[in-house]
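Step one of this worksheet: look at the structure below.
The values are calculated or read from the model by the stated rules, or taken from the named source; none is laboratory data. Keep in mind it's a predicted model, so treat the numbers as computed, not measured. So basically every Cβ, Gly included, is an ideal-geometry build from the backbone, and we count neighbours across all protein chains shown. The accessibility values were calculated without ligands, DNA or RNA, using every heavy atom of the protein model including side chains. Shrake-Rupley method; radii C 1.70, N 1.55, O 1.52, S 1.80 Å.
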Amino acid sequence: MLGPVSCIAAVTYGCNSRCVMCDIWKRDADVARELTPDEYRWLPRSLKSVNVSGGEPFLRDDLPEIVAVMSETCPRARIVISTNGLLPERIEAAVARISETSPRGSDPAGAVAVRVSVDGLGEVHDRIRGVPGAYERAMETVRRLQRLGVPDLGLAATLTEDSVGEITRVKEKADQLGIRFVMSAAHSSPIFFGEQEVERPHSKESVGEVLSLMRDSLRSWRPYDWAKAYYLRGVAEYIKGRPRRMPCRAGIDFFFLDPWGDVYPCNIGGTKMGNMRESDFKSMQRDTVDVVRESVESCSVQCWMVCTVAPPMSRRPLKPLAWMLGAKFLGLDTRLDQ
Ligand code: SF4
Ligand code: SF4
């Protein structure tokens, strides 16, 4: 089926964190303009992945209703909620309600995956998040969701120069807890970070840490981990300022939907494609095809994030596959001139 396969839906710009690398918590969330659960019926049926983000999505009382509509509208989509994990009780209650109301059945919370942001252990995380006790609260959220039986649960770490060296510790923590681990490098985004320019990690140590995680993934015998290694290779190249390994298909394969219905090719910014209260995705895409293509082709960010990399990887798997086999069995292309 043609159509976009992936989207990030920020369901609110309200946030209870005070992260040093983000300005969202400083802006007016204007919750009165937020999309209602029913309005998410607009989402294209072709989606295979919906990342529910914010702000902090669990601040919305109607998040379970939103997820229920998404599950019904996009039956093939994996729905992943990203959270800062600062409200353990509220999050536990909402995820329990999601499993009760899920049109996908009563599998304990199997209707959604959850990623809890953790950028370092203990005080490092508290400092980056600007909230004393943030790490403990995030861990409490993880414990509660484990007890609830959420099968697809993980920690998500963002690499900045403040967290170099900590990302490996977060991965070890995830391994210890028996849950998943994802990481990305910080990207500047006028949508998320307002005027603030987020510095991408740039040190030799940050590249070294990512390459070490990549080699670790290559030691595994699970092809899933080799795909992660390919992704991490791209992260190291992004840090070095190199061009993306795969072409970007923002606005075609994936898009970003903000809490008020504005649609963008990606969450880093760029040309607005329209508002979903006024047009369906296909018409929006048709009406903006030239301007979107131009903005994507001239994009200087060359981002490398799971949401912008997974769609081209699944559409054109041969190149990543060739890299994975060469790297795993022959050790090819696993170094990067520092
Ligand atoms: S990075 Fe996420 S958790 Fe932190 S202030 Fe921004 S939206 Fe909130
Ligand atoms: S490469 Fe540029 S246009 Fe493409 S997803 Fe990244 S920031 Fe957006």
Picking from ARG242, ARG335, the residue that is open to solvent by 50 Å² or more (accessible area, probe 1.4 Å) and within 16 Å of ligand 2 (Cβ to nearest atom) would be ARG242
Going through region 1-23 in order, the residues found to be open to solvent by less than 10 Å² (accessible area, probe 1.4 Å) and part of a loop (DSSP other than H, G, I, E, B) are PRO4, VAL11, THR12, TYR13, SER17
In the set VAL291, VAL296, VAL301, the lone residue that is open to solvent by 20 Å² or more (accessible area, probe 1.4 Å), more than 18 Å from SER46 (Cβ to Cβ) and in contact with a strand residue (DSSP E or B) (Cβ under 6 Å, 6 or more places away or on another chain) is VAL296
Flagged in region 25-52 as surrounded by 21 or more Cβ atoms within 10 Å (Cβ to Cβ) and not in a loop (DSSP other than H, G, I, E, B), in numbering order, are TYR40, SER49, VAL50, ASN51, VAL52
Contact list, first residue from region 288-302 and more than 15 Å from GLY274 (Cα to Cα), second anywhere and part of a helix (DSSP H, G or I) and open to solvent by less than 80 Å² (accessible area, probe 1.4 Å), beta-carbon distance below 7 Å, six or more apart or interchain, is GLN302/TYR238
Within region 299-310, is there a residue that is under 17 Å from the mean Cα position of the chain (by Cα), on the phi > 0 side of the Ramachandran plot and away from ligand 1 (no atom under 16 Å from the Cβ)?
yes
Counting only residues in region 121-139 that are among the β-branched types (Val, Ile, Thr) and assigned to a helix (DSSP H, G or I), the one surrounded by the fewest Cβ atoms within 10 Å (Cβ to Cβ) is identified as VAL124
For region 265-303 the number of residues that are in a loop (DSSP other than H, G, I, E, B) and within 16 Å of ligand 2 (Cβ to nearest atom) is 13
Flagged pairs (Cβ under 6 angstrom, 6 or more apart or on separate chains; first in region 210-237, surrounded by fewer than 20 Cβ atoms within 10 Å (Cβ to Cβ); second not in a helix (DSSP H, G or I)) are none
Checking ARG76, ARG97 in turn, the sole residue that is touching a Lys or Arg at 6+ places or on another chain (Cβ under 8 Å) and either within 16 Å of ligand 2 (Cβ to nearest atom) or at pLDDT below 95 (or both) turns out to be ARG76
Review point. Any residue at all in region 223-243 that is away from ligand 1 (no atom under 16 Å from the Cβ) and either part of a strand (DSSP E or B) or within 30 Å of ASP287 (Cα to Cα) (or both)?
Key: yes
Selection from region 124-139 of residues among the basic types (Lys, Arg) and within 11 Å of ligand 1 (Cβ to nearest atom) yields ARG129
Of those in region 208-266 that are under 17 Å from the mean Cα position of the chain (by Cα) and of a type in the set (Lys, Arg), the residue modelled with the highest pLDDT is LYS228
